[in-house]
Amino acid sequence: MARVLCVLYEDPIAGYPKSYARDDIPKLNQYPDDTTLPTPKKIDFKPGVLLGSISGELGLRKFLEEQGHTFIVTSDKDGPHSVFEKELADADVVISQPFWPAYLTAERLAKAKNLKLAITAGIGSDHVDLKAALQKGITIAEVTYCNSISVAEHVVMAILALVHDFIPSYQWVIKKGWNIADCVSRAYDLEGMDVGSVAAGRIGLAVLRRLKPFDVKLHYTERHRLPEAVEKELNLTYHSHIDSMVSVCDVVTINCPLHAETEHLFNDALINKMKRGSYIVNTARGKICDQDAIVQALESGQLAGYAGDVWFPQPAPQDHPWRSMPHHAMTSHVSGTTLSAQARYAAGVREILESWFGGQPIRNQYLIAEKGRLAGMGAHSYTAGNTTGGSEAAEKFKKK
Ligand code: NDP
């Protein structure tokens, strides 16, 4: 029987919800590219409830315990004395969410002598040192597509919030003001702007599709070019190199995975190739941007705004400079964990576990690594490397 160690974010401050704002969530039949939604044999939760926090337990306890497995759920994930680090020594399976990542560094993997499977309840397995995990032959799987559209919607919202300078206007209302000139002195229309996406995978393409009706000029850069028909349909300009794209865009949205090739891609040099007064929206991973370069560019005016919901490390320490830099519209990592997304990734995790314990292959679309190699989606979108360095700083986050 297996020990399944699951790391989830904490419950709401006021306690686990007793009721919800809405009675249900829309039922989707398939993802936009015809990929099927998760297909577990059964689920033990009501779609639309809070599953991603510790009391929600991803709806897995009954399923796992009925089969005789031990299920440990904790939010205490950082530092040598954390529950996660103690339990890791005996865990066979680890489940973690990108929003509250249990960093599986090489040091931790070395201690995890029984670990065979690491599941990401979401998308993005950069919290695992892929190089070390491949050497240990650990299987890594994530729930591909589960929250891609959730994030694409957040990106569109963040672009509009930055360009229209929404947040300061909202704050003036809270401050009981009616300061129109203060509100509009940095507000523009998106219409007519050049908007570029770094990557046109599930999220990137969904963002481009959603932006088309705004009458903007759309650009993208990718390792593999999109089919000509899609480029025509969306009137996309393809850039084989990121430099040429960022130099003509007013808004850049980052939608590629974090791996060795994209770490600190947006550094001083690249940001200085952007037009003065550009906006960046990064919902991919914090480490794709150089932390200090973003702060300096906002302070100098090279960037007019920065938004997104991804940080490094997570949770971000209270003194993380992105909390206090000017002209930002940052949220804590929430875009991919709406109640709608949670229902999909909880079902996807259950599908992966059913396959694993049933001795069946995990869906190729979900696989990142297997048998010491990048596999499935992982072989397509990732490079073997380590992007977890520095994650121990997450321990600095202290609750008030
Ligand atoms: P996909 O795998 O569908 O798309 C990723 C795309 O990035 C692929 O098309 C890949 O190209 C491309 N890519 C990889 N490296 C580069 C590079 N160096 N330059 C340009 N393009 C590159 O994933 P999703 O769209 O679903 O998700 C993308 C990322 O968004 C995730 O990896 C994750 O980090 C983040 N994410 C964030 C969430 C949140 O809650 N904020 C939730 C979900 C995801 P190719 O196909 O050519 O290899």
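Nothing in this text is a laboratory measurement; each read-out follows from the coordinates by a stated rule. Fair warning: this is a prediction, and the values are worked out from it, not measured in the lab. Here the Cβ is made from the backbone with ideal geometry for all residues, glycine too, and neighbour counts use every protein chain on show.
Taking the fewest neighbouring Cβ atoms within 10 Å as the starting point, the ordered list for Met245, Met193, Met1, Met157 is Met1, Met157, Met193, Met245.
Near the amide H of Ser75, within less than 5 Å, lie the amide hydrogens of Leu8, all on another chain or at least 5 residues away, with H placed in the peptide plane.
Would you mind putting 237-243, 114-120 in packing order, based on average other-beta-carbon counts within 10 Å, highest first?
On the way: 237-243: 14.4, 114-120: 21.9.
So the order, starting with the most tightly packed, is 114-120, 237-243.
Pick from Cys249, Cys146, Cys183: which is most flexible by mean-square fluctuation in a GNM of the chain where alpha carbon atoms under 10 Å apart are linked? The residue with the greatest mean-square fluctuation here is Cys183.
Determine the shape class of segment 62-141: with a ≥ b ≥ c the square roots of the Cα gyration tensor eigenvalues, call it rounded for a/c under 1.5, and otherwise prolate if a/b is greater than b/c, oblate otherwise.
Numbers: a/c = 1.33, a/b = 1.27, b/c = 1.05.
Rounded, since a/c falls under 1.5.
Magnitude of the Cβ-charge dipole of segment 273-329, K/R +1 and D/E -1, about the Cα centre, nearest 20 debye?
Details: 6 positive and 5 negative charges, 52 e Å.
Computed charge dipole of segment 273-329: roughly 240 debye.
Put +1 on the Cβ of each Lys and Arg and -1 on the Cβ of each Asp and Glu in segment 125-231; which of Ile140, Ala199, Pro168 then has its Cα farthest toward the positive end of the dipole? After comparing all options, I get Ile140. The distance from the alpha carbon centre of segment 233-281 to that of segment 1-76 is 35 Å, rounded to a whole number.
The alpha-carbon of Lys62 sits under 19 angstrom from the alpha-carbons of these aspartates and glutamates, leaving out residues fewer than 8 places away in its chain: Asp44, Asp92, Glu351, Glu354. Database remark: amide H of His219 closer than 5 angstrom to the amide H of Val195, Gly196, Ser197, Thr237 (H placed geometrically; neighbours at sequence offset of 5 or more, or on other chains; Pro and chain starts carry no H).
Using the number of other C-beta atoms within 10 angstrom as an exposure proxy, rank Ser19, Ser148, Ser300, Ser391 with the fewest first. If you can, show how the numbers build up before the last one.
On the way: Ser19 5, Ser148 25, Ser300 11, Ser391 21.
The order, fewest Cβ neighbours first, is Ser19, Ser300, Ser391, Ser148.
Taking the Cα centre of the chain as reference, the dipole from Cβ charges on Lys and Arg (+1) and Asp and Glu (-1) amounts to some 560 debye.
Placing dummy labels 7 Å off each Cα toward the beta-carbon, the span from Ala260 to Val334 is 3.7 nm. Does anyone have the angle between helix 202-211 and the longest principal axis of the chain? Alpha-carbon axes, 0 to 90°, nearest 10? That helix lies at roughly 30 degrees to the long axis.
Angle of helix 148-163 to the longest C-alpha principal axis of the chain, folded into 0 to 90 degrees and rounded to 10: 30°.
Computed from phi, the 3J(HN,Hα) profile of segment 85-95 under the Karplus parametrisation 6.51, -1.76, 1.60 (θ = phi - 60°) reads 5, 5, 6, 4, 4, 10, 6, 8, 10, 10, 10 Hz, with x in place of Gly and Pro.
If I fit a long axis through the Cα atoms of helix 291-300 and take the longest principal axis of the Cα atoms of the chain, what angle between them do I get, 0 to 90°, rounded to 10? With both axes taken from Cα atoms, the answer is about 20 degrees. Taking the empirical scaling 2.2 N^0.38 Å for compact globular proteins as reference, segment 148-323 has a Cα radius of gyration ratio of 1.02.
When both bridge partners sit in the chain, DSSP labels roughly 10% of those beta bridges antiparallel.
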